[in-house]
Amino acid sequence: MSSELTEGKVHYTVQDGIGAIVFDRPQARNAMTWGMYDALGAICDRIAADTTLRAVTLRGAGGAAFIAGTDIEQFRGFSGDDGLAYEARIEARISQVEKLPVPTIAIIDGWAVGGGLALAAACDFRIATPGAKFSIPIARTLGNCLSSTNMARLIAGFGVGRAKRMLMLAEAINAAEALACGFLLEVAEADAIDARVAARCASLASHAPKTMYAAKECARRLVANNLPGDEDLIRDCYGSRDFQIGIEAFLAKQKPAWTGT
């Protein structure tokens, strides 16, 4: 995540009934700007209206990261209410991806961090290179928190124990462990991953669209059912002095000195 905020792009192409979304801001490891989130939302609207599609892939440009979260520059001066608005804003985009009527595959080469990991978790399947890593190190870096919906996605994908390791111990999960716990569909070398993704897309394209949609939507509803309220937690973290300390320390590449306030 770069301290020099450049807007970045989100590209969308379609070939033979397979859509491809690419997050293109490699100089900042594809950290998302507000404009990139808005572009993703517009693309999801196009996908939802296209009855010719059979699958969609999502990947980051550059080979170093899928998405390295949201650009930290955008958090300067945040209040607790700003935190609530932010979580609602990115949830709108993540849920758009999660609710797409066709199967989705995240292609992960490098890091999937923070909001990028949440977006990958909202996809139906994930295929990664052996060096891929998954983390949400905010207890060490920023001092904010996850929404209950993103926590539910994380637990559904990794289990409670690994979710706590990522969030409380700030540990990264490697590709081998992510495969073993079922978060990844498969692991493929960088020079073979496109072929593996193409094979999976071809398989999905041959299956009954309504059956697949019913399966993914039912799973989504089960994970999202009766989630607890989280506004108090979000407001407390994003409105804290520690969050501002974390932002400035992160951008200065220093270790934050937490105060607990």
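The values are calculated or read from the model by the stated rules, or taken from the named source; none is laboratory data. The structure displayed is predicted, hence computed values, not measured ones. Don't worry about glycine lacking a Cβ; one is built from the backbone with ideal geometry, like all the others, and counts go over all protein chains shown.
Descriptive notes on the structure:
- Scanning the range 19-61 for residues that are in contact with a Ser or Thr (Cβ under 6 Å, 6 or more places away or on another chain) and of a type in the set (Val, Ile, Thr) yields a single hit, Val56.
- Residues located in the range 76-112, provided they are in a helix (DSSP H, G or I) and touching a residue at least 60 places away in the same chain (Cβ under 8 Å): Gly80, Asp81, Asp82, Gly83, Leu84, Tyr86, Glu87, Glu98
- Count - residues of the range 208-261 that are at pLDDT 95 or above, small (Gly, Ala, Ser) and within 20 Å of the chain's Cα centre (by Cα): 1
- Selection from the range 219-231 of residues that are of a type outside the set (A, V, I, L, M) and surrounded by 10 or more Cβ atoms within 10 Å (Cβ to Cβ): Arg220, Asp230, Glu231
- Taken over the range 214-248, residues that are without any contact (Cβ under 8 Å) to a residue 12 or more places away in the chain and not charged (D, E, K, R) amount to 7.
- Only a single item in (1) more than 17 Å from Val223 (Cβ to Cβ); (2) within 14 Å of the chain's Cα centre (by Cα) is not met by Ser79, and it is number (2).
- Against the numbered list (1) in a helix (DSSP H, G or I); (2) within 19 Å of Ile94 (Cβ to Cβ); (3) among the hydrophobic types (A, V, I, L, M, F, W, C), Cys201 comes up short only at (2).
Every residue, every condition in (1) touching a Cys at 6+ places or on another chain (Cβ under 7 Å); (2) over 16 Å from Met166 (Cβ atoms); (3) modelled with pLDDT under 95; (4) not hydroxyl-bearing (Ser, Thr, Tyr), yes or no:
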| site | (1), (2), (3), (4) |
| --- | --- |
| Arg76 | no, yes, yes, yes |
| Glu98 | no, yes, no, yes |
| Val102 | no, yes, no, yes |
| Ala106 | yes, yes, no, yes |
| Ala122 | no, yes, no, yes |
| Ile127 | no, yes, no, yes |
| Pro130 | no, yes, no, yes |
| Lys133 | no, no, no, yes |
| Thr141 | no, no, no, no |
